[in-house]
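One structure is given here, and the rest of the page talks about it.
The values are calculated or read from the model by the stated rules, or taken from the named source; none is laboratory data. What you see is a predicted model, and the numbers here were worked out from it, not measured in a lab. Don't worry about glycine lacking a Cβ; one is built from the backbone with ideal geometry, like all the others, and counts go over all protein chains shown. Remember, those area values only see protein heavy atoms, side chains included, never the ligands or the DNA or RNA. Shrake-Rupley method; radii C 1.70, N 1.55, O 1.52, S 1.80 Å.
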Amino acid sequence: QVQLVESGGDLVQAGDSLTLSCAASGSSFSVGVMAWFRQAFGTEREFVAGIRWQSGTPYYTNSAKGRFAISRDTAKNTVFLHLNSLKPEDTADYYCAADRGVVFSTRATDYDYWGQGTHITVSS
């Protein structure tokens, strides 16, 4: 079992930067991929960025490319999402997810573990 705890959400202004953290723990922590999803009010949960845990290879959705960066600290079992040039449309609940498998996916249903979410509001 893996537990994920996100932190770092905040109320910011358009153009600001923010870093989200997701600390993973568990008696036998072993994951293949970790990712960030987001869900705005009234919308489906959508993939934002993912990272292969062993290699560090990142993946991004088109809207995140060039503005967001995902990274991980394997010593601390923590994954980060660095968000730059935030826009009002980035306002959402951001969720950390972990997949025990090594096949990368952007589908939320393929992920085995989820955090409780952290909220970002971007004001214009």
### Message
Just the number: Rg to Rh for segment 58-114, Cα atoms, Kirkwood Rh, two decimals.
### Response
0.96
### Message
If packing is taken as the average count of other Cβ atoms within 10 Å, what order do 19-25, 86-92 fall into, highest mean first?
### Response
19-25, 86-92
### Query
Rg(Cα) of segment 15-124 divided by 2.2 N^0.38 Å?
1.01
### Task
Compute the separation of the alpha-carbon centres of segment 1-25 and segment 85-108 and state it in Å as a whole number.
11 Å
### Size of charge dipole - the chain - debye, nearest 20, with Cβ of Lys, Arg +1 and Asp, Glu -1, no other charges
320 debye
### Message
Which residues does the label zone of Gln39 cover in segment 85-124, counting backbone N under 15 Å from a point 7 Å along Cα→Cβ?
### Response
92-98, 107-120
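Given a Förster distance of 30 angstrom, what is the FRET efficiency for Gln13 paired with Ser105, based on the Cβ-Cβ distance and rounded to 0.05?
0.35
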### Task
Before anything else, pin down the relative contact order of segment 48-107: Cα pairs under 8 Å, at least 6 apart, normalised by residue count, whole percent.
25 percent
### Exposure rank, largest accessible area first [Ser105, Ser55; 1.4 Å]
Ser55, Ser105
